[in-house]
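All remarks here apply to the structure that follows.
The values are calculated or read from the model by the stated rules, or taken from the named source; none is laboratory data. None of the values given here were measured: they were computed from a predicted structure. Here the Cβ positions follow ideal geometry from the backbone for every residue, glycine too, while neighbour counts run over all protein chains shown.
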Amino acid sequence: MNKMRSAIASLLLLSATGAVAHEYEQGSLQIAHPWSRPAPPMAANGSAYLVINNHGHVDDVLLSAESPVAERVEIHTHMMDGDMMKMRQLEQLPVPAGEAVTLAPGGHHLMLFGLKQAPREGERFPLTLHFEQAGEVAVEVSVDADHARPEEKASDDGHHH
């Protein structure tokens, strides 16, 4: 009986830890706080945000991303065009060695086109990131309307790429 209680307690602890620890590591990269806002039921598009920390000594590059919840995922950024802020697709996103790159509202982000189902608050969905050096990194994106801005939690030394 004690073994069963111990096993149940261990499982509960692991599942609770997994819910709190929302970070993923692959090689020298750490992906922190993948999140998305909830979308209206008929939304065609959405976006995802996260922080990529490169703790290594070699530059890496985010080449692409994919998710089963969308027909395609593109890397985007916002840029000023005259006095208008416009969104632009990036072919890739450099992740310099020893730095963090933040994907957040109003800056770099992942656009989810052709949503198969609108993300709802409290849900999670899979997202696979493809890096030049680190390879594939599978993460879960938390859907959270009140998510704290990841750049406030990340140490990026003021670098905005």
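Can you tell me which residue in region 101-128 is nearest to Gly46 (Cα to Cα), limited to those that are in contact with a Ser or Thr (Cβ under 9 Å, 6 or more places away or on another chain) and either of a type in the set (Phe, Trp, Tyr) or not in a strand (DSSP E or B) (or both)?
Pro119
Suppose we filter region 75-92 for residues that are surrounded by 12 or more Cβ atoms within 10 Å (Cβ to Cβ), closer than 17 Å to Gly106 by Cβ and not aliphatic (A, V, I, L, M); how many remain?
3
Any residue at all in region 101-115 that is β-branched (Val, Ile, Thr) and touching a Lys or Arg at 6+ places or on another chain (Cβ under 6 Å)?
No, that holds for no residue.
Give me the pairs: first residue in region 85-100 and assigned to a loop (DSSP other than H, G, I, E, B), second residue exposed (fewer than 10 other Cβ atoms within 10 Å of the Cβ), beta-carbon distance under 8 Å, and six or more apart or on different chains, which are they?
Pairs found: Ala97/His57; Gly98/His57; Glu99/Asp157.
Look at region 68-84 and say how many of its residues are in a loop (DSSP other than H, G, I, E, B) and among the small types (Gly, Ala, Ser).
Matching residues across region 68-84 total 1.
Out of Pro119, Pro105, I need the residue that is on the phi < 0 side of the Ramachandran plot, over 10 Å from the mean Cα position of the chain (by Cα), buried (at least 19 other Cβ atoms within 10 Å of the Cβ) and at pLDDT below 95. Which one?
It is Pro119.
Looking only at residues that are closer than 12 Å to Met111 by Cβ and polar (S, T, N, Q) in region 28-63, which one is surrounded by the fewest Cβ atoms within 10 Å (Cβ to Cβ)?
Only one residue fits best here, namely Asn45.
Quick check, is Val58 over 10 Å from the mean Cα position of the chain (by Cα) and modelled with pLDDT under 95?
Criteria not met by Val58.
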